[in-house]
Amino acid sequence: MRLPPLAALSAGLLAAFVGFASSFSVVLQGLVGVGATAEQAASGIMALSVGMGVCGLLVSLRTRMPISIAWSTPGAALLAGAGLPEGGFASAIGAFLFAAALVILAGLVKPIGRTIAAIPLSLANAMLAGILLPLCLAPVKAVAAAPLEGLAIAAVWFLVGRWNRVLAVPSAAVATFLLIYLLHAGPSGGAPIVPDPILVMPHWSLSAIVGLGLPLFLITMASQNIPGLAVLKVNGYAPEPGPLFTATGVFSLFCAPFGGHAVNLAAITAAICAGDEAGPDRARRWWAGIVSGLAYIVFGLAAGWATAFAAQAPVLIQAMAGLALVGAFTGALAGTIAEARDREAAILCFLVTASGTAFFGISAPFWGLTVGGIALLATRLRA
């Protein structure tokens, strides 16, 4: 049996490190934002990381393609800004299950997937930009609250980014953890490295389903699953979308009761596993998907320690999360105004979403997409 190519192994490890370090803080903020305790957040991060690791390993083995699986970073950003739902974290769990069921349906029923793909990119980007804006302001607030630490983290992110954009956020994450260790209390001695899985029974709340579950499904499909397929296609791979959507939806369904919000196709780290970094032999790059899956499982098992450690300096973690989302915000904002005829409707969607205002207990992203959709329909009918 031929040994796995070294380039694919290193690409898989890099993808897992970048994926976990770049967005761990965002996922943590998202789960806490919808009411998770520190223990529930650790359980959710472990469930997500182990779930996406196992899913990535299985689909890469099945397809012999470098399929990279991730958690939904834009979905976590949605949770971070949505506020505590009526019914608390249990209602959020119900919304996670609802979103997972919709992803499975999108995989099994092709017209649903095609309908999601048909959502105008201007509106999808506008909703995402509105969700991300408040979070991307966190580094500025961190500098005001802790000037030296906030500036140090931002400086590492900026300087490393001039050299290598992929490593900018992981480097800032390492700097953040070093600052917490050196200037704060250090890791909690009583925190278990491997967190206890905490099962949360869902509470079915209509406002949480509409205000969290539906936007989570739309954001995950539009910002993760569909771009993830595009990255694979650019690199010469054409897997059948339906089974991949179904697989990620099933794993999301299993993760949700333990606090995990969504498992999906990777977008950014998919390029590391499927691109030239994984070696010249395209037929053997699938090993990168295997290795990244195994690495995610290992990272997930250390979620208890990481969550307790991060809780000691939440301002710095919020700053780290904001820096991790600057690239996504930049792309979303550019997409918002890219199409001239959709610009006004997209800006309305962006403004309503960014306001963070909930009506009837339903969070702003739903209303942003609704207002933008009505405005866009009126514009096109008039034309």
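The values are calculated or read from the model by the stated rules, or taken from the named source; none is laboratory data. Being a predicted model, the structure only gives us computed values, none of them experimental. When we count neighbours, we look across all protein chains shown, and the Cβ atoms used for this are built from the backbone with ideal geometry, even at glycine. When the accessible area is computed, the model is the full protein with side chains, heavy atoms only, and any ligands, DNA or RNA have been set aside. Shrake-Rupley method; radii C 1.70, N 1.55, O 1.52, S 1.80 Å.
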Problem set entry | Index of the failed condition, Phe96 passing every other in (1) under 14 Å from Val263 (Cα atoms); (2) of a type in the set (Phe, Trp, Tyr); (3) at pLDDT below 95 | (3)
Exercise. Which condition breaks for His261 when tested against (1) more than 18 Å from the chain's Cα centre (by Cα); (2) open to solvent by less than 10 Å² (accessible area, probe 1.4 Å); (3) under 23 Å from Gly304 (Cα atoms)?
Worked result: (1)
For this session: Consider Val143 carefully, then state whether it is at pLDDT 80 or above, more than 16 Å from Leu31 (Cα to Cα) and among the β-branched types (Val, Ile, Thr).
Result: yes
Seminar exercise, completed: Within the stretch 236-245, the residues that are out of contact with any Ser or Thr (no Cβ under 7 Å at 6 or more places or on another chain) and open to solvent by less than 30 Å² (accessible area, probe 1.4 Å) are Tyr237, Gly242, Leu244, Phe245
Exercise. Restricting the stretch 235-264 to residues that are of a type in the set (Phe, Trp, Tyr) and part of a helix (DSSP H, G or I), which is farthest from Thr63 (Cα to Cα)?
Worked result: Phe258
For this session: Filter the stretch 58-93 for residues that are closer than 21 Å to Gly242 by Cβ, under 19 Å from the mean Cα position of the chain (by Cα) and either part of a helix (DSSP H, G or I) or at pLDDT 95 or above (or both) and give the result.
Result: Gly75
Exercise. In this structure, is Pro215 touching a residue at least 40 places away in the same chain (Cβ under 8 Å), under 16 Å from the mean Cα position of the chain (by Cα) and either surrounded by 17 or more Cβ atoms within 10 Å (Cβ to Cβ) or over 25 Å from Met127 (Cα atoms) (or both)?
Worked result: yes
Seminar exercise, completed: Listed by range, helices (runs of 4 or more DSSP H) wholly within the stretch 99-192 having at least 3 residues that are hydrophobic (A, V, I, L, M, F, W, C), out of contact with any Asp or Glu (no Cβ under 9 Å at 6 or more places or on another chain) and within 20 Å of Ala328 (Cβ to Cβ) are 121-136, 147-163, 165-183
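This table checks each residue for (1) touching a residue at least 60 places away in the same chain (Cβ under 8 Å); (2) open to solvent by less than 40 Å² (accessible area, probe 1.4 Å).
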site	(1), (2)
Gly113	yes, yes
Ser122	yes, yes
Pro134	yes, no
Gly150	yes, yes
Ala175	no, yes
For this session: Exactly one condition in (1) in a helix (DSSP H, G or I); (2) open to solvent by less than 50 Å² (accessible area, probe 1.4 Å); (3) under 28 Å from Leu167 (Cα atoms) is not met by Val298; state its number.
Result: (2)
For this session: With respect to Leu333, determine if the residue is open to solvent by 40 Å² or more (accessible area, probe 1.4 Å), at pLDDT 90 or above and of a type outside the set (Asp, Glu).
Result: no
Exercise. Within the stretch 279-287, is there a residue that is small (Gly, Ala, Ser), part of a helix (DSSP H, G or I) and either open to solvent by less than 10 Å² (accessible area, probe 1.4 Å) or touching a Ser or Thr at 6+ places or on another chain (Cβ under 8 Å) (or both)?
Worked result: no
